[in-house]
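Let me begin by presenting the structure, written as structure tokens, before commenting on it.
Bear in mind these aren't lab numbers, they're just calculated from the coordinates by the rules spelled out. Not measured: the values here are computed from a predicted model. Please note: Cβ atoms are built from the backbone with ideal geometry, for glycine as well, and neighbour counts cover all protein chains shown.
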Amino acid sequence: MTLCGLAFAGANQGRDSLGRVPGILTAEELAGIDLSSCELAVLSACETNVGIRRAGQGVQSLQAALHAAGVRTAVTSLWKVDDAETRRLMELFYTYFWVEGLPKAEALWRAKCNLRAEGAAVSDWAGWVLSGDPE
């Protein structure tokens, strides 16, 4: 889980005196955080569900790290996604989930259906996955 992570501001400033890269949160570090009170984590960036398959451990990814940390539900992407279409999908997802009160899985499904109906390319909406508790 050290080969995937999230880059934050300052991540491109190089290593510190201890050899760490400030601004990088590896999946291994993420898995060690207590997120058991987190109902939903959404990583609306490219390839946040992509990882490396390890014998006996499955795919080691940010999604796996979120669940290891205790997140009940995660929304992640399987491939590179268009920024504008991602924004539209997330606006729809949160509207269906928070405003209309739909279950998380149904909210994501409806958001994807909307993009499809609006003529968005399959690659813009099909790569989004929900894992964990669908409610």
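If you count the DSSP beta bridges with both ends in the chain, what percent of them are antiparallel, to the nearest 5? Write down the numbers at each step before the final one.
On the way: 11 of 14 bridges.
So the antiparallel bridges in the chain amount to around 80 percent.
Relative to the Cα centre, what is the charge dipole magnitude of the chain, using +1 at the beta carbon of each Lys and Arg, -1 at the beta carbon of each Asp and Glu, and rounding to the nearest 20 debye?
On the way: 12 positive and 16 negative charges, 68 e Å.
Once rounded to the nearest 20, the dipole reads 320 debye.
Can you give the net charge of the other residues whose Cβ lies under 15 Å from the Cβ of residue 118, counting K and R as +1 and D and E as -1?
Numbers: positive: 87, 88, 110, 112, 116; negative: 82, 85, 91, 124.
Counting the neighbours of residue 118, the net charge comes to +1.
Gaussian network model of the chain, Cα springs within a sub-10 Å range: biggest mean-square fluctuation belongs to which of 76, 48, 86?
In the Gaussian network model the winner is 86.
Can you give me the convex hull volume of the Cα atoms of the range 5-132, divided per residue and expressed in Å³?
Details: hull volume 16.4 nm³, N = 128.
Spelled out: Cα convex hull of the range 5-132, divided by residues, is 128 Å³.
Calculate one ³J(HN,Hα) per residue across the range 22-39 by plugging θ = phi - 60° into the Karplus curve 6.51 cos²θ - 1.76 cosθ + 1.60, and present them in order as whole Hz with x for glycine and proline.
After applying 6.51 cos²θ - 1.76 cosθ + 1.60, I find x, x, 10, 10, 6, 4, 4, 5, 4, 4, x, 8, 7, 10, 5, 8, 8, 7 Hz.
Explain nothing, just compute: Karplus ³J(HN,Hα) = 6.51 cos²θ - 1.76 cosθ + 1.60, θ = phi - 60°, for every residue of the range 118-135 in order, whole Hz, x for Gly and Pro.
Computed from phi, the couplings for the range 118-135 are 7, x, 5, 5, 3, 5, 7, 10, 6, x, 8, 10, 10, 10, x, 6, x, 7 Hz.
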